[in-house]
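All of the numbers you see were taken from the coordinates with simple rules; none came from a lab. This one's a predicted model, so the numbers in the text were calculated from it and none came from an experiment. Every residue, glycine as well, gets a Cβ built from its backbone with ideal geometry; the counts of neighbours run over all protein chains shown.
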Amino acid sequence: MPRLSCRRALTRALADELARDEAVFLLGEDIQVGASLVTTGLAKRFGAERVRDTPLSEQAFTSFATGAALAGLRPVIEFQIPSLLFLVFEQIVNHAHKFPLMTGGQCRVPVTYLVPGSGSRTGWAGQHSDHPYSLFAHVGVVTVVPATPADAYGLLVTAIRHDDPVVVFAPAAAMDVRDDVDGLTPVPLGRGRIHRFGDDVTVVAIGHLVHDALAVAEELADQVSVEVFDPRTLYPFDIDGLIESVTRTGRLVVFDDGNRSCGMAAEIIASVVERVRLLAPPRRVTRPDGAVLPFAPALDRAVQPGRDHLVTAIHLTMKDSS
């Protein structure tokens, strides 16, 4: 059974889709030399026409990808840092996302926007460390955040084959996570995954925080039985799968590396409490309101949600229901 990192799983997904479908091509800054270590070797294998370096103009090549998709191709754009998505929000949301809706389905815009290194990379500071997945979920763009190599591969493959725009946030903190994988396959959109079953509390963990949640669940195993639910897709969200979990445990904590206000954690909690009567008030563990990650490593870590914060939230949830 091969052992694969999330980074190499993304590379394999891109290679497999380039080989499978001639309509697929990649574009982005410095992707021919593999600056992000995700597209390494693909230009040599598939040629410069299908692995295309672009000028330093995100708005231009994102619009170019929209046109290519309307013409029948399947472009995959790599953004080296997540903050670049703020520059192209117009092109993604007002153009690529809305064209099929505003034409009554008369056109398709199958563009995949890949961010291999979303969130904090220690010392990369404010303009390189955002995790803006809630923005895209809010406007209805398909949004996925894989945590494991198998899901990184499977969700990216599904995204490339999807007929609508998809944003794939591959968390920086998960890129080097390695796992034994066997028989990599596409992963359906809108279907979450329970990594660990439990009886006392459901922890919804997004992206790389899945691994921290699993570590906390193991640490607390003799005190609290923690179930770890990974949504994998934030839009569409597997609310039915989560409701099934929370109905069994009766308690909910959301572990989300996004800002607190108007974030995914708040949306997930609201969606649950509309449907389930919980045994205790739900809790969210997030970045602070309006957080901008600083350059100093100690401050960087202090702003981000961590295991100690999750342990505290779980204990408070259990105490509130006792």
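Tabulated results
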item	result
Tilt relative to the chain, helix 58-70 - C-alpha long axis, 0 to 90 degrees, to 10	80
Exposed GluC sites (Glu not before Pro) absent - longest run of the chain, DSSP non-H/G/I/E/B, at most 15 other C-beta within 10 Å	50-273
Cα centroid separation - the stretch 290-322 against the stretch 202-270, whole Å	14
Selection from Ala60, Ala152, Pro288 lying farthest towards where the dipole of the chain points positive, charges on Cβ	Ala60
Asp30 paired with Glu274, simple spin-label distance in nm, labels 7 Å along Cα-to-beta-carbon	4.3
Full-extension gain in nm, Phe197 to Arg45, via 0.36 nm per residue minus C-alpha separation	50.5 nm
Helix 307-320 vs. the chain, principal-axis angle (Cα, 0 to 90°, nearest 10)	40
Size of the stretch 1-121 as Cα extents on the principal axes (Å, biggest first)	45, 33, 29
Cα gyration tensor shape of the stretch 159-315, rounded if a/c is under 1.5, else prolate or oblate by comparing a/b with b/c	rounded
The stretch 232-299: trypsin sites (Lys or Arg not before Pro) falling in loop per DSSP and having at most 10 other Cβ within 10 Å	Arg277
On Cα atoms only, tilt of 209-219 relative to the major axis of the chain in degrees	30
Amide H within-cut-off set for Val51, under 5 Å, with H built and near neighbours excluded	Leu26
Relative contact order [Cα under 8 Å, 6+ residues apart], the chain, whole percent	16
When the chain is reduced to its Cα atoms, the Kirkwood hydrodynamic radius in Å	20.0
